[in-house]
Every structure is written in C-alpha cells, then in structure tokens.
Amino acid sequence: MKKVLIVDDNPIITKIYRERFAQAGYQAETAENGFMAMKALIATRPDIVLLDLMMPIMHGVDVLRYIRTTPELKATPVIILSEAYMSDLAQEASKIGAELTLLKSGCTPALLLDAADKILTGQKLEMDTSLMLAVRPKEDEGK
C-alpha cells in the first residue's frame, strides 16, 4: 500500500485529502506543522508528501530541506500546496527539489491524487500551469 503524508495546519484540508487518498487505496497520515512532519517522516517513511508552505512552528521549505538532506528520505517526492502570495517561497521550494508546486485554492482532491499517482508511477505530468505556483528551472528537468 502506498503511503502519503499530508502536512497542513488546516484540519479541513487534511481531512478532505486524507479521506480522498484513503479511498484511492493509500495509507494516509497527517501532520499539522513542520515539526510534527519531521517526526512523521521518519516514523512512516511515506512514498509521497503533500506539503503546505505556511505553517506554525516550521515552514514547509524547512521541511523540504530536511527531506532533501536526510539520506533515507531525499528521494521522496514532494508536492507543495500553497497560496499565490507565497510564490517566492514556492519558487525556493521548486529549486530545492519539489516535484510540483500547486496553488492550493485551485487544487481539487482529484487533481492532487492524479498528480501523486503520476509522480509515483513515473508518468509525465500534464498540468495546467495556471494551477502552478512555480515551475522547476530548466536545468532541473529530467532529474
């Protein structure tokens, strides 16, 4: 069973995504802040992480840095979900190695599940760029 870690301080968001991913056959875990996410990452070793940028205690960018610098986690795919005013942080997350950075308000559970499935199976993502907060730099494509 594939495992997803949903990291967001909004309990409504985490409930909606946890239920949708569970319906699709994922083991869905949640964390309400960056510190709890770091603990959950080691305990659950998720196959993919859905990560908000603005959270109490620790930003999502710090969590992403932790993932990318921890040997047993560094290959874990990460999808960033955030708001438009966070585009600078989203661009930073993209440079650090997020697979995808999506606009939270434009994202649906179905779209997010489809993106996660495609990332995990190595399929090409064909995403409406109006839903994206940042695009990976050209030199990172293909990595």
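Some notes on this structure:
- Across Lys2/Lys118; Lys74/Lys95; Lys3/Lys124; Lys15/Lys104; Lys39/Lys74; Lys3/Lys118, pairs whose alpha-carbon gap is larger than 18 Å: Lys3/Lys124
- Treating each Cα of the range 13-96 as one equal point scatterer and applying the Debye formula with no solvent, the log10 of I(q)/I(0) at q = 0.11, 0.12, 0.17 Å⁻¹ comes out as -0.28, -0.33, -0.67.
- Here the sum of -39500 (n - 2.57) over DSSP H runs of 4 or more residues, divided by the residues of the chain, equals -12000 deg cm²/dmol at 222 nm, to the nearest 500.
- q = 0.10, 0.13 Å⁻¹: log10 I(q)/I(0) that the Debye formula gives for the chain, counting C-alpha atoms only: -0.27, -0.48
- Burial ranking of peptide ranges 117-126, 93-102 (average Cβ count within 10 Å, highest at the top): 93-102, 117-126
- Counting only DSSP beta bridges with both residues in the chain, the antiparallel share comes to about 10 percent.
- Within the chain: Cβ-based charge dipole about Cα centre, in debye rounded to nearest 20 (Lys, Arg +1; Asp, Glu -1): 380
- When only alpha carbons are used to place a centre, the range 13-28 and the range 47-65 end up 18 Å from one another.
- Relative contact order of the range 1-81: 32 percent, from C-alpha pairs under 8 Å at least 6 residues apart in sequence.
Laboratory data are not the source of any read-out in this text; all were calculated from the coordinates shown. The model shown is predicted, which means the values in this text are computed figures rather than measured ones. Cβ sites come from the backbone with ideal geometry, for glycine too, and all protein chains shown count toward neighbours.
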